[in-house]
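This report concerns only the one structure given below.
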Amino acid sequence: MPRTRHTVAFALVTAAALALTACGSGGPAAAPAGAAGPAAEGGIPTRDVVSSVKKNKDAAALLPDRVRASGTLTIASSVGSPPGATYLPDGKTVAGTDIDFADAVARALGLKPKREVAAFEAILPALGSGKYDVGTGNFGVTDERRRTIDFVTYLNDGQGFAVRDDSKLSKVTDLTQLCGLTVGTAAGTTFEVTLEENRHRCGDAGKKPYDVKTYSDPSAIWASLQQGRSDVVMSTINGLRYAVSRQEGVRFLNEFKRLDVGFAFRKGTPLAPAFQAAVNGLKADGTYDRILKKWGIGASAIGTSQISPPEIK
């Protein structure tokens with residue numbers, strides 16, 4: 001569809017900024033709706049809600065001897081876009097819900113976090129090798145993943161859609177509504193799996209299948225939408241809400257499916273009970289709610305942390 005020169009230029013600048021600073025047009029973006037804190041860098045809230053966390057002796061007692069003796073927690077973090085995980089304007093410091101929750105749990109367990117940034121699609125396979133103790137990346141808990149990965153839940157997020165303002169789509173309740181369109185999404189995600197598994201339904205209904213375009217860089221997904229190379233974007237509910245509030249010409253369409261989000265571990269990990277106890281301890285002492293408030297995602301609260309619960313249907 002035709003786009004003005006101003007809109008295309010804005011899309012390129014905005015999409016690139018989202019990957020690093022989540023800035024919108026006209027200067028720094030505001031903090032997320034409901035976010036707390038006196039300071040923000042590049043629109044990313046930076047209030048410290050973690051350093052006051054005290055060691056949870058009961059949770060720490062559940063740690064395996066190897067980890068307790070090492071005193072460190074090796075974390076593989078996928079850094080993409082806020083509010084999950086992103087870079088501050090310095091290009092080195094990471095921030096987001098995944099970062100705050102992982103650091104808070106590490107403090108509760110009396111461990112020093114040792115973080116390595118890794119590609120989203122590389123983290124889950126690497127857990128089985130023992131390279132990392134835990135992975136973060138807004139990993140949705142699905143029955144397919146539970147076959148090879150253990151999870152400890154800390155959020156509820158899920159799948160949603162966003163479109164340009166000129167789209168005729170008003171709500172996607174069935175994937176056959178996407179037939180004939182091009183859908184942009186992130187590689188190696190539950191979104192890609194959902195789209196690929198259901199693509200045949202368009203042909204079954206006598207319609208042209210939708211086309212799935214996957215990207216490793218979040219900024220490329222939004223550029224594809226703004227420039228008309230994608231008609232709709234499928235991503236996390238929280239990520240979409242955050243992103244559309246910082247861009248012109250796009251809108252959040254609707255939630256499609258809710259999923260629990262969890263810390264990821266190799267199958268059979270002895271770390272799961274300690275993490276579960278730590279997350280529930282953070283809920284009890286108020287840290288959990290402070291993290292949600294900081295990032296403006298109160299609707300993603302869970303009642304209690306669980307170990308590898310069944311996928312939400």
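The values are calculated or read from the model by the stated rules, or taken from the named source; none is laboratory data. These numbers were taken from a predicted model, which means no experiment stands behind them. Cβ: placed from backbone, ideal geometry, glycine included. Neighbour counts: every protein chain shown.
Observations
- Checking each residue in segment 262-313 for being farther than 30 Å from Gly43 by Cβ, assigned to a loop (DSSP other than H, G, I, E, B) and of a type in the set (Val, Ile, Thr) picks out Thr269, Thr304, Ile312.
- Of all the numbered requirements in (1) part of a helix (DSSP H, G or I); (2) within 26 Å of Thr97 (Cα to Cα); (3) in contact with a helix residue (DSSP H, G or I) (Cβ under 7 Å, 6 or more places away or on another chain), Arg241 misses one, and that requirement is (3).
Quick grid of which residues meet (1) of a type outside the set (Asp, Glu); (2) in contact with a His (Cβ under 7 Å, 6 or more places away or on another chain); (3) at pLDDT below 95:
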| position | (1), (2), (3) |
| --- | --- |
| Lys207 | yes, no, no |
| Lys213 | yes, no, no |
| Ser245 | yes, no, yes |
| Glu248 | no, no, yes |
| Phe252 | yes, no, no |
| Ala272 | yes, no, no |
| Gln276 | yes, no, no |
| Asn280 | yes, no, no |
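- Set Leu62, Leu73: member being within 27 Å of the chain's Cα centre (by Cα), modelled with pLDDT of 95 or more and in the same structural domain as Trp295 (by TED's automatic domain parsing): Leu73
- Residue check, Gln247 touching a residue at least 40 places away in the same chain (Cβ under 8 Å), farther than 30 Å from Ala106 by Cα and not assigned by TED's automatic domain parsing to the domain that holds Ile149: yes
- Among the criteria (1) out of contact with any Cys (no Cβ under 9 Å at 6 or more places or on another chain); (2) modelled with pLDDT of 95 or more; (3) not hydrophobic (A, V, I, L, M, F, W, C), the one Thr176 does not fulfil is (1).
- Segment 60-87: number of residues that are in contact with a Leu (Cβ under 8 Å, 6 or more places away or on another chain) and of a type in the set (A, V, I, L, M): 5
- Among the conditions (1) within 22 Å of Asn138 (Cα to Cα); (2) crowded, with 22+ Cβ neighbours inside 10 Å, the only one that Leu178 does not satisfy is (1).
- Every residue from segment 186-219 that is more than 16 Å from the chain's Cα centre (by Cα) and closer than 17 Å to Val163 by Cβ: Leu195, Tyr210, Asp211, Val212, Lys213
- Scoring Phe161 on the criteria (1) in contact with a Gly (Cβ under 9 Å, 6 or more places away or on another chain); (2) surrounded by 18 or more Cβ atoms within 10 Å (Cβ to Cβ); (3) under 21 Å from Gly249 (Cα atoms) leaves a single failure, condition (1).
- Leu259 being hydrophobic (A, V, I, L, M, F, W, C), under 29 Å from Ala299 (Cα atoms) and not in a strand (DSSP E or B): no
- Here Thr190 passes the criteria (1) buried (at least 16 other Cβ atoms within 10 Å of the Cβ); (2) among the β-branched types (Val, Ile, Thr); (3) modelled with pLDDT of 95 or more except the one numbered (3).
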